[in-house]
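Enquirer: I have a structure here, written as structure tokens, and I will follow up with some questions on it.
The values are calculated or read from the model by the stated rules, or taken from the named source; none is laboratory data. Note that the coordinates shown come from a computational prediction; the quantities given were computed from them, not determined experimentally. Heads up, the Cβs are rebuilt from the backbone with ideal geometry, glycines too, and the neighbour counts pull from every protein chain shown.
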Amino acid sequence: MARVLMKGNEAVAEAALRAGADAYYGYPITPQSEIAEYMSREMPLRGRSFLQTESEVATINMVWGAGAAGARVITSSSGPGISLMQEGISYMCAGRVPGVIVDMMRLGPGPGNLQGAQDDYITCVKGGGNGTYKVICLAPATLQEAIQLVSDAFDLADKYTNPVIFLADGMIGQMMEAVDFDLLKTNPPPEKPWALRGRHGGPKKVISAMARGHVNYYAANWENEQSRYPAMEKEVRYEASNLEDAELVFVAYGSSARMAKYAAGKLRGEGVRVGLIRPITLWPFPHAAFDQIGPRCKAVIVPELTIIGQMIEDVQISAAGRWPVFHVGNQQTRPMNPSDVVKAAHEVLGGAK
Amino acid sequence: MAIRYEIDRDMCKGCGLCIVVCPKGLLKVDTEHINSKGYQPTMMTDVSQCIGCGNCGVMCPDGAIRIEKD
Amino acid sequence: MAIICKRSSALNPMQFSYCPGCGHGIITRIVAECLEEMDLIDIAIGVAPVGCSSNIRMFYNVDMLSSMHGRACANATGIKRFHPDAFVFTYQGDGDFGAIGTAESVHAAHRGEKISTIVVNNSVYGMTGGQMAPTTLPGQKTTTSPYGRDVETCGAPLRFAELIAPIEGAKFVARVSIDTPAHVREAKRAVKRAFQCQIEGKGYSMVEFLSTCPTNWGLAPQEAMEWMRENMMPYFKMGIIKDF
């Protein structure tokens, strides 16, 4: 196919189809409705199942049903819809049902506004649904990375029989970049002997929030929290550069990471030694990357498209008091831009903060 | 005709719905026994009178009744 | 040797967790018998609700999914669209189907999903201790309508069958009851017709059962049947409201 110029939302949808998505359920919400629209056009042509649902509550419940039936199922939404899906995500973790949930974040809380933001980190990464659960959370910064992460999301969901969240923001959903689908690596789904498809002469199967084979919640949760979630931690991914001699380290993901890279370039031009940690999995969070930061580091700055920061809390945990951690983000009347990041670095290094 | 009539005494919860619908009034609560769950199950008093209508089994909320006929 | 009556092979050999004399027991049994008699056991996938009948996931000897409260019709949509040759049914209480689940229920009918829904209407929320349901009768006392349901503030009871029947995608809608052997047999015929609607790929099918909750009504099982007959039947009309 070679390189094509594509809109982020459409690239994500195409990647899902190539990764073998059997079903898409979704409800329109800006800034991701193009995913549903793309699926509505393409899925019937490729023999997959598309349905626009009556709400995000219905959506996540169809994902629960189709996932339990063994399908590779994907849905997409933005903040307000993701709020409605929290019970479903909690259930999918309890019931060990795979599925891919795309959150193209917009500003919150409430309906917020339509501009891209990074306001759902806590909801998606820390878990906005009830109970203790972990969900692998993938965050792309470019469309080429995004299409691979969509495919990886299906593989990880099936590998661990757990939901996986693909966390991007409205800018990534709406931007157009060159993507090369020839570079996309996909894998077929594994066997799913637990899936509901009718007994067909065999024993009956049950999928419920009391995960298979367990006799009580404590036992099911023990297995989740003591072995299944720890096993997922090896899926940690991140990009790290120039940490050894850094005076200043940016930690950023998604669109903020693009701004941080721009700012790093500017600052290096001024002679500042700038390092970068870009988490690609927000959970598992790349705590270990921080051990690579060298002795010259004076501060860590966390650019995020929020006002007080959400990922910054995980950065503070990772920093463990070794360096002061600062936030830079959305301003009083507008979103953060790359100059804000440069300005924050100057303030921090000048000792003004 | 010979009727083989069986109430699974441990499934039965003694709810009495079958007793009411037996057209011959052949069922009653077995006040002499308590089952493993603490219920007094229902019993057939005279199977020779049973006409095999199946009303009891049709009403049973626990699927505790089995009736066979030669 | 003819078998006049036996426990259905679509049921696991375990005691139902329902209260003695609960209408759910009869209804769960009726559905099992229909699955067996129509040869659906091997291809059936059922969706269990939240409520007293959430345990049907254990009782039925078929593949079962537990739903989030009210969402069984959406879950069933996901299953049936991925396995169109499976026989997919939901079994839901009055709150599950017609309070929290109203949107999912209406839209499954709206889309004409080829699934079959059994709704158990006993005019209360049983599992949680007897609170008011959308189908609680005017003046009926429940734990959250201690002075009796006040139509002025709470509305008149919702008639589910009449809500669903006008929807074009709903192809079979019936209301039945289980208070007498004759009505139980009639109910079973209606359930088989609903299942046939799915088998023939016609659209959405639904059977609403008038049922009893002896425990929360504070009545013995037979008294509860009489109460249902005297109070619920005049308000909720029985019969096949829509056929295919």
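Enquirer: Hey, C:Arg29 hits all of (1) within 11 Å of chain B (Cβ to nearest Cβ); (2) charged (D, E, K, R); (3) over 24 Å from B:Gly52 (Cα atoms) but one; which does it fall short on?
Expert: Only one criterion in (1) within 11 Å of chain B (Cβ to nearest Cβ); (2) charged (D, E, K, R); (3) over 24 Å from B:Gly52 (Cα atoms) is unmet by C:Arg29, namely (3).
Enquirer: Further question: Mind checking whether some residue in the range B:15-24 is within 9 Å of the chain's Cα centre (by Cα), more than 16 Å from C:Gln222 (Cβ to Cβ), at pLDDT 95 or above and not basic (Lys, Arg)?
Expert: The answer is no; no qualifying residue exists.
Enquirer: Still on this model: Considering every residue within the range A:19-28, establish whether at least one is over 19 Å from the mean Cα position of the chain (by Cα), assigned to a helix (DSSP H, G or I) and within 14 Å of chain C (Cβ to nearest Cβ).
Expert: no
Enquirer: Name the pairs: first residue in the range C:98-127 and more than 14 Å from chain A (Cβ to nearest Cβ) and at negative phi, second residue polar (S, T, N, Q) and surrounded by fewer than 18 Cβ atoms within 10 Å (Cβ to Cβ), Cβ to Cβ under 7 Å, at least 6 apart or on different chains?
Expert: C:Val124/C:Gln131; C:Tyr125/C:Gln131
Enquirer: Which ones in the range C:144-197 are farther than 30 Å from C:Ile41 by Cβ and touching a Gly at 6+ places or on another chain (Cβ under 8 Å)? Step through it out loud before you land on a result.
Expert: From the range C:144-197, those farther than 30 Å from C:Ile41 by Cβ are C:144-159, C:162-163, C:166, C:168; that's our starting set.
Answer for the range C:144-197, where residues must be farther than 30 Å from C:Ile41 by Cβ and touching a Gly at 6+ places or on another chain (Cβ under 8 Å): C:Gly148, C:Arg149, C:Leu158, C:Leu163, C:Glu168.
Enquirer: Could you check the range C:45-63 and list, in sequence order, the residues that are facing chain A (nearest Cβ under 9 Å) and crowded, with 24+ Cβ neighbours inside 10 Å?
Expert: Passing the criteria: C:Ile45, C:Val47, C:Ala48, C:Tyr60, C:Val62, C:Asp63.
Enquirer: Out of the range A:131-174, which residues are polar (S, T, N, Q) and either without any contact (Cβ under 8 Å) to a residue 40 or more places away in the chain or at negative phi (or both)? Lay out the reasoning, then the answer.
Expert: Filtering the range A:131-174 down to residues polar (S, T, N, Q) leaves A:132, A:142, A:144, A:148, A:151, A:161-162, A:174.
Within the range A:131-174, A:Thr132, A:Thr142, A:Gln144, A:Gln148, A:Ser151, A:Asn162, A:Gln174 meet the criteria.
Enquirer: Additional query: Inspect the range B:42-52 for any residue being surrounded by fewer than 18 Cβ atoms within 10 Å (Cβ to Cβ), more than 7 Å from every other protein chain (Cβ to nearest Cβ) and among the hydroxyl-bearing types (Ser, Thr, Tyr) and give the result as yes or no.
Expert: Among the residues of the range B:42-52, at least one is surrounded by fewer than 18 Cβ atoms within 10 Å (Cβ to Cβ), more than 7 Å from every other protein chain (Cβ to nearest Cβ) and among the hydroxyl-bearing types (Ser, Thr, Tyr), which makes the answer yes.
Enquirer: In the range C:122-152, how many residues are touching a Lys or Arg at 6+ places or on another chain (Cβ under 9 Å), buried (at least 19 other Cβ atoms within 10 Å of the Cβ) and assigned to a strand (DSSP E or B)?
Expert: So the answer is 3.
Enquirer: Now for a separate question. Being of a type outside the set (D, E, K, R), within 17 Å of the chain's Cα centre (by Cα), in a helix (DSSP H, G or I) and within 11 Å of chain B (Cβ to nearest Cβ) narrows it down to one of C:Met232, C:Met225, so name that one. Spell out how you get there, then give the answer.
Expert: Numbers: C:Met232 fails: within 11 Å of chain B (Cβ to nearest Cβ).
That would be C:Met225, the only listed residue that is of a type outside the set (D, E, K, R), within 17 Å of the chain's Cα centre (by Cα), in a helix (DSSP H, G or I) and within 11 Å of chain B (Cβ to nearest Cβ).
Enquirer: In the range B:1-60, what residues are within 19 Å of C:Ile26 (Cα to Cα) and charged (D, E, K, R)?
Expert: The answer is B:Glu6, B:Asp8, B:Arg9, B:Asp10, B:Lys13.
Enquirer: Go through the range A:20-59 and give me each residue that's hydrophobic (A, V, I, L, M, F, W, C) and out of contact with any strand residue (DSSP E or B) (no Cβ under 7 Å at 6 or more places or on another chain).
Expert: A:Leu45, A:Val57, A:Ala58
Enquirer: Can you spot a residue in the range B:16-28 that is at the interface with chain C (Cβ under 10 Å from one of its Cβ atoms), touching a residue at least 40 places away in the same chain (Cβ under 8 Å) and assigned to a loop (DSSP other than H, G, I, E, B)?
Expert: No.
Enquirer: Mind checking which residues of the range B:53-70 are over 20 Å from C:Pro221 (Cβ atoms) and either more than 10 Å from chain C (Cβ to nearest Cβ) or outside any loop (DSSP other than H, G, I, E, B) (or both)?
Expert: B:Arg66, B:Ile67, B:Glu68, B:Lys69
Enquirer: Okay, moving on. Name, by its number, the condition in (1) surrounded by fewer than 20 Cβ atoms within 10 Å (Cβ to Cβ); (2) under 12 Å from A:Ala345 (Cβ atoms); (3) under 22 Å from the mean Cα position of the chain (by Cα) that does not hold for A:Glu235.
Expert: In the conditions (1) surrounded by fewer than 20 Cβ atoms within 10 Å (Cβ to Cβ); (2) under 12 Å from A:Ala345 (Cβ atoms); (3) under 22 Å from the mean Cα position of the chain (by Cα), A:Glu235 misses (2) alone.
Enquirer: Just one of (1) out of contact with any strand residue (DSSP E or B) (no Cβ under 8 Å at 6 or more places or on another chain); (2) at pLDDT 95 or above; (3) outside any helix (DSSP H, G or I); (4) surrounded by 17 or more Cβ atoms within 10 Å (Cβ to Cβ) trips up A:Asp155, so point out which.
Expert: The failed condition is (3).
Enquirer: Could I ask something else about it? Is it the case that A:Arg46 is more than 7 Å from chain C (Cβ to nearest Cβ), out of contact with any Gly (no Cβ under 9 Å at 6 or more places or on another chain), closer than 26 Å to A:Glu191 by Cβ and free of Cβ contacts under 8 Å to residues at least 40 places away in the same chain?
Expert: So A:Arg46 passes the test.
Enquirer: Would you mind finding the one in C:His83, C:His110, C:His69 that is under 19 Å from A:Ile207 (Cβ atoms) and surrounded by fewer than 19 Cβ atoms within 10 Å (Cβ to Cβ)?
Expert: None of the other options fit; the residue is C:His69.
Enquirer: Return yes or no: is A:Gln86 outside the structural domain of A:Pro303 (by TED's automatic domain parsing) and out of contact with any helix residue (DSSP H, G or I) (no Cβ under 7 Å at 6 or more places or on another chain)?
Expert: Yes.
Enquirer: What number of residues within the range C:4-20 satisfy the criterion of being facing chain B (nearest Cβ under 7 Å) and aliphatic (A, V, I, L, M)?
Expert: 2
Enquirer: B:Lys13: more than 11 Å from chain C (Cβ to nearest Cβ) and among the charged types (D, E, K, R), yes or no?
Expert: no
Enquirer: Another question, if that's okay. Out of (1) in contact with a Ser or Thr (Cβ under 7 Å, 6 or more places away or on another chain); (2) of a type in the set (Val, Ile, Thr); (3) modelled with pLDDT of 95 or more, the odd one out for C:Val151 is which?
Expert: Tallying (1) in contact with a Ser or Thr (Cβ under 7 Å, 6 or more places away or on another chain); (2) of a type in the set (Val, Ile, Thr); (3) modelled with pLDDT of 95 or more, C:Val151 fails exactly one: (1).
Enquirer: Ok, one more. Quick one: which residue in C:Tyr60, C:Tyr18 is touching a His at 6+ places or on another chain (Cβ under 6 Å) and of a type outside the set (A, V, I, L, M, F, W, C)?
Expert: Going through C:Tyr60, C:Tyr18 in turn, the sole match is C:Tyr18.
Enquirer: Now a separate question. Having 3 or more residues that are over 13 Å from the mean Cα position of the chain (by Cα) is the bar; report the strands (runs of 3 or more DSSP E) wholly within the range C:1-115 that clear it. Walk me through it before giving the result.
Expert: Details: elements: C:2-5, C:44-48, C:63-66, C:87-93.
Hits in the range C:1-115: C:2-5, C:63-66.
Residues are listed down the side, and each one gets a yes or a no for (1) touching a Leu at 6+ places or on another chain (Cβ under 7 Å); (2) under 19 Å from C:Phe89 (Cα atoms):
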site	(1), (2)
A:Gly198	no, yes
A:Ile207	yes, yes
A:Ala211	no, no
A:Asn216	no, no
A:Trp222	no, no
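Enquirer: Check off (1) polar (S, T, N, Q); (2) over 24 Å from the mean Cα position of the chain (by Cα); (3) not assigned by TED's automatic domain parsing to the domain that holds A:Tyr91 for A:Ser256 and give me the number that stays unchecked.
Expert: (2)
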